[in-house]
Amino acid sequence: MMGLMASEETRAVDTRTAMSPTERDTPTPTGASEATLEKGPARAWATRLVIAGILLSAANLRPAITSLGALLEEVRDGLGMSGSVAGLLTSVPPLCFAVFGVTAPRLARRFGPAAVVCVGMAAIFTGLLIRPYAGGTAGFLAASALALMGIAVSNVLMPVIVKRWFPDRVGSMTGLYSMVLALGTSLPAAVTVPLTHAMGGNWKPGLAVWAVLAAAAVLPWIPLVRQGRQEAAAAARSASAPASASVPGSAPGSAAAGELPPLRITRSRTAWALAVFFGLQATAAYITMGWMPQIFRDAGVSAGTAGLLLAVTMVMGVPLAFVIPRIAARLPHQGPIVLVLGVCGFAGYAGLYFAPAAGAWAWALLLGIANCAFPLALTMVGMRARSGPGVAQLSAFAQSTGYLISIPGPLLVGVLYQHSGGWGLPIALMAGLMVPQMVVGVLAGRDRTVEEEAAAR
């Protein structure tokens, strides 16, 4: 892993060397103040806290989802949920990510990123602790939404914090953060069922135990909240400086507010293709996290093994999150990678349809590869825009639109499962969605920028 980080560092330095003098002289940390970049013991102490906060927060961005997937049958039986309601439950994560994630930048500007992430981790802790004991389906859904709200704002702000504190190590820190996020996705899927059995077989403490990890993630951010307030105050003072001065809080290389017209992102066909691609890959990911263990269990696989199979699917993101972006960045057209991932998805769904138990481990691996369309989508976001503000606009548009697109998928799977009495129709739906995902992925992977398309139209 250290070798990969080192190569990423070398590539980052080479990229920066190739920049124009204007680009190199642009302030790198987004919204960073002098207090943030202060050297010395205080800075070193704060940096260690930030690293701990980033890694602990990354570990908490998926357990609320994958731990529930491992115990979904027990939760349904315990709360008397129908298949349709269970499908609604698996649709809550993308809904919360679309609705609450949009508010994160505004909250960060008002209160500081550290304060917002601290509150987000506290929301995850509270939601995970109370949802098994909330009493009824409505309370369970409300507590889940609280935890997912914290995940949504923290998920959006993690890259902001990485860029602010580690402007010269964005690649290595992002890789480390992505690896921990993937581990935080797979580990709960693997160990939630054994933990539940060790605690007497009751699903309620088996879900609530993940609140302990969230509580630990709150602690590093508390001392940094004051630092965030100092940064906000410094940014406010700088905002009153002459217009020719650098504006803290603006994206690297961007002009002061009002100097450049906003990008008409909706005029870009590539932006729409990327948004749909993001939405369809998110649909597949949340269907997998929410329903794949149940598919295996209904095929005769034990609950513990079904959780391990989900963990295998999720853990594929650890190595491939490093490999796929590096390959994609070297290609002028990312369509071939989209097609390879799509073929793996087709093969995995075909296996689930014809022999779900006999080849369970192979199908889990294939679907894990297919679900790595997520790091590919993030890589294409950075490649399809020419400027820093363009990347920010494209990212916000693609992710918010994509998460909205992904909401009906898990719910529809639950409805089809309940009314058909089996997994044939749901699996056919999952396989069918791979076709438009591959089409729009190829369109989004073309070598062009959204700025060019918006200007041309």
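The values are calculated or read from the model by the stated rules, or taken from the named source; none is laboratory data. None of these values were measured; they are calculated from a predicted model. Don't worry about glycine lacking a Cβ; one is built from the backbone with ideal geometry, like all the others, and counts go over all protein chains shown. Just the protein is used for accessible areas: all its heavy atoms, side chains included, with ligands, DNA and RNA removed. Shrake-Rupley method; radii C 1.70, N 1.55, O 1.52, S 1.80 Å.
Remarks
- Whole-Hz couplings from phi, Karplus 6.51/-1.76/1.60, listed for region 339-352; x for Gly and Pro: 5, 4, 5, x, 4, 4, x, 4, 5, x, 5, 4, x, 4
- This model, with +1 at the C-beta of Lys and Arg and -1 at the C-beta of Asp and Glu, gives region 103-201 a dipole about its Cα centre of some 360 debye.
- Computed with a 1.4 Å probe over protein heavy atoms only, the accessible area of Val218 comes to about 30 Å².
- Globularity index of region 44-181, i.e. its alpha-carbon radius of gyration over 2.2 N^0.38 Å: 1.13
- A Förster distance of 25 Å, applied to the separation of the beta-carbon atoms of Ala355 and Ala198, puts the FRET efficiency at 0.20.
- With the whole protein complex present, Arg76 retains an accessible surface near 50 Å², based on a 1.4 Å probe.
- Among Trp221, Trp210, the order of accessible area from largest down is Trp210, Trp221, computed with a 1.4 Å probe on protein heavy atoms.
- For region 272-382, the alpha-carbon radius of gyration amounts to 1.09 times the rule-of-thumb value 2.2 N^0.38 Å expected for a compact globular protein.
- Reciprocal of mean inverse Cα separation for region 325-448 (Kirkwood radius, Å): 15.8 Å
- Between region 273-344 and region 182-202, the Cα center-to-center distance that results, in Å: 21 Å
- Span from the region 110-132 Cα centroid across to the region 404-457 one, whole angstrom: 31 Å
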